[in-house]
Amino acid sequence: MFGPAAGAAVIGLLIPLAGCGSSGGRAGDSGTLRLVAAEYGDSSATGSKSYWDKVTHDFTAAHPDLKVEVQLLPWADIDREVSRMVKAGNAPDMALMGSYSDFAAQGKLYSADELLTVTAEANFLQPLTEAGTVGSTLYGLPFVASSRLLFYNDTLFKQAGISAAPKTWADLQTDAKALRDKGVKIPYALPLGPEEAHAEALIWELSNGGGYADSSGNYSLASDQNIATFKWVKDHLVTPGLTGPVAPSQFNRADAFAAFLRGEVGMVNGYPSLAYEARAKNIEVRAVPMPVSDTLGAGEIPPTVGVADWMMAFKQNGKRAEIGTFLDFVYQDKYLSDFASRYHLLPATVSASRTPAGGGLDKTDQDFLTALRGAQLYPVNDPSWVTVSDTIKRNIGRAVEPTGDAKSVLEDIASKANAARKQH
């Protein structure tokens with residue numbers, strides 16, 4: 001399990017990087033930069049420490065007058081801890097985490113054009129640039145990303161007599177019934193539990209022409225399309241028993257993935273690392289775009305869901321030039337590709353995605369990269385999104401419960417979202 005770009009909340013350890021100085025206090029002299037970064041690994045073997053050790057070592061070798069101290073924090077803690085540091089007047093020079101817009105709204109961040117060359121700024125993949133922009137200014141520098149595709153167990157499909165991937169919701173329902181009739185425990189895994197329900201919900205909404213925000217950037221959480229989406233999911237998948245024995249509101253993504261890797265799931269939405277894990281267990285897996293609503297216009301191709309993690313630079317310590325020097329260094333293709341390949345994520349730049357580490361992208365990664373190029377990200381450039389996403393995660397599952405009403409649930413979420421936006 002890795003970071004929000006991979007969709008998980010990892011419990012990691014606070015790991016100071018050896019040879020990079022203390023990771024706890026203020027950056028000392030003007031030649032020292034402090035980076036607070038999320039821990040992407042789930043063990044000492046997969047931890048991010050070795051990556052940052054190499055980057056900081058190589059950086060100081062190239063720039064002897066500069067050094068970088070890196071503090072690694074668990075995903076569960078990093079948002080809160082960085083906010084606390086900023087509030088206490090002890091902001092890091094840089095942070096790598098899942099959200100940035102609240103700091104941008106407070107005027108705490110350098111913009112990309114204050115840090116990077118025009119060429120470097122233009123190198124970010126377009127959907128990521130759009131999500132990192134507040135107003136017309138880029139503040140969130142995308143680092144790594146992922147997109148979501150529908151995975152299916154090809155062996156189970158063949159056993160159920162299914163010869164092709166589903167392309168429409170009706171196909172998905174028909175395939176789920178065939179899988180159930182063959183004794184598959186969870187024909188379609190629908191994780192609408194609090195861990196990552198906002199991802200699954202958006203995948204479904206986009207496939208019916210809906211989504212979280214309209215073209216003007218305003219929340220559209222209770223749109224007619226979104227309400228129709230959850231009515232369909234409830235009536236055609238949940239009520240007929242095609243989503244497994246666990247109620248979707250109690251089913252988390254990690255549990256869905258674990259069941260898929262045990263061969264108990266026919267279909268589940270996922271990201272690249274799941275394909276690698278499945279292959280390691282000799283599961284024949286395929287990844288395809290999410291099937292679309294049967295009511296969507298002919299030939300209309302909705303965007304996939306994309307997720308990114310963000311590098312941001314704080315103004316508080318006044319080290320704009322030094323930060324720019326480091327970012328130019330770490331955003332080199334070889335370093336960005338190395339980090340992405342360690343966690344089966346996608347590098348956030350055009351050039352790095354063309355020349356990845358490890359001999360190139362395999363077909364699965366290429367499919368996810370293609371999906372990312374046309375993806376829609378969460379409205380992370382809205383400062384209220386952290387609060388709104390939490391509201392979605394904790395409530396959207398109620399829309400498909402036996403006594404749940406999609407319209408009232410979505411209108412309740414929308415009301416809370418509008419209140420959160422006013423507070424920002």
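Residue-by-condition table, conditions (1) crowded, with 23+ Cβ neighbours inside 10 Å; (2) touching a residue at least 24 places away in the same chain (Cβ under 8 Å):
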| residue | (1), (2) |
| --- | --- |
| Met94 | yes, yes |
| Tyr100 | yes, yes |
| Ala105 | no, yes |
| Glu114 | no, yes |
| Ala120 | no, yes |
| Ser147 | yes, yes |
| Asn153 | yes, yes |
| Ala164 | no, no |
| Lys167 | no, yes |
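Filtering the stretch 377-424 to residues that are touching a Gly at 6+ places or on another chain (Cβ under 7 Å) and open to solvent by 60 Å² or more (accessible area, probe 1.4 Å) leaves only Arg398.
In a loop (DSSP other than H, G, I, E, B), small (Gly, Ala, Ser) and crowded, with 16+ Cβ neighbours inside 10 Å - does that describe any residue in the stretch 264-284?
No; the residues of the stretch 264-284 include none that is in a loop (DSSP other than H, G, I, E, B), small (Gly, Ala, Ser) and crowded, with 16+ Cβ neighbours inside 10 Å.
Taken as a whole, the stretch 31-44 holds at least one residue that is assigned to a loop (DSSP other than H, G, I, E, B), at pLDDT below 90 and open to solvent by 60 Å² or more (accessible area, probe 1.4 Å). All of (1) open to solvent by 10 Å² or more (accessible area, probe 1.4 Å); (2) outside any loop (DSSP other than H, G, I, E, B) hold for Asn90 with one exception: (2). Would you call Thr129 among the hydroxyl-bearing types (Ser, Thr, Tyr) and either free of Cβ contacts under 8 Å to residues at least 12 places away in the same chain or under 20 Å from Leu261 (Cα atoms) (or both)? No, not satisfied. The set of residues in the stretch 232-251 that are crowded, with 20+ Cβ neighbours inside 10 Å, modelled with pLDDT of 95 or more and not in a helix (DSSP H, G or I) comprises Leu242, Thr243, Phe251.
Answer with yes or no whether Glu196 is open to solvent by less than 10 Å² (accessible area, probe 1.4 Å) and either touching a helix residue (DSSP H, G or I) at 6+ places or on another chain (Cβ under 8 Å) or without any contact (Cβ under 8 Å) to a residue 12 or more places away in the chain (or both). Quick ask: steps written out before the conclusion?
Details: open to solvent by less than 10 Å² (accessible area, probe 1.4 Å): no; either touching a helix residue (DSSP H, G or I) at 6+ places or on another chain (Cβ under 8 Å) or without any contact (Cβ under 8 Å) to a residue 12 or more places away in the chain (or both): yes.
Criteria not met by Glu196.
Quick check, is Ala61 open to solvent by 40 Å² or more (accessible area, probe 1.4 Å) and at pLDDT 95 or above? In short, yes.
Let's see how each residue does on (1) more than 23 Å from Leu372 (Cα to Cα); (2) touching a helix residue (DSSP H, G or I) at 6+ places or on another chain (Cβ under 7 Å):
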| site | (1), (2) |
| --- | --- |
| Asn226 | no, yes |
| Ala254 | no, no |
| Leu261 | yes, yes |
| Glu264 | yes, no |
| Val268 | no, yes |
| Ser273 | no, no |
| Lys281 | yes, yes |
| Pro291 | no, yes |
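Contact annotation: residue pairs with Cβ atoms under 8 Å, 6 or more positions apart or on different chains, pairing a residue in the stretch 283-301 that is closer than 20 Å to Ile162 by Cα with a partner that is modelled with pLDDT under 85 and open to solvent by 70 Å² or more (accessible area, probe 1.4 Å), are Val292/Glu300. The combined condition, being closer than 22 Å to Asp328 by Cα and either surrounded by fewer than 23 Cβ atoms within 10 Å (Cβ to Cβ) or within 26 Å of the chain's Cα centre (by Cα) (or both), is not fulfilled by Asp79. Set side by side, the residues Lys87, Lys67 differ, and just one is basic (Lys, Arg) and within 17 Å of Ala321 (Cβ to Cβ), which is Lys67.
Considering only the stretch 252-263, state which residues are farther than 24 Å from Ser163 by Cβ, open to solvent by 10 Å² or more (accessible area, probe 1.4 Å) and of a type in the set (Gly, Ala, Ser). Hits for the stretch 252-263 are Ala254, Ala258. Looking at Lys416, Lys407, Lys422, just one residue is at pLDDT below 95 and assigned to a helix (DSSP H, G or I), and that residue is Lys422.
Do any helices (runs of 4 or more DSSP H) entirely within the stretch 297-357 hold 2 or more residues that are modelled with pLDDT of 95 or more and open to solvent by 20 Å² or more (accessible area, probe 1.4 Å), and if so, which? Can you show your working first?
Details: elements: 320-330, 333-342, 350-354.
Passing ranges, in order: 320-330.
The values are calculated or read from the model by the stated rules, or taken from the named source; none is laboratory data. Remember, it's a predicted structure, so these values are computed and weren't measured experimentally. Quick reminder, even Gly has a Cβ in these numbers, built from the backbone with ideal geometry, and neighbours come from all protein chains shown. Just the protein is used for accessible areas: all its heavy atoms, side chains included, with ligands, DNA and RNA removed. Shrake-Rupley method; radii C 1.70, N 1.55, O 1.52, S 1.80 Å.
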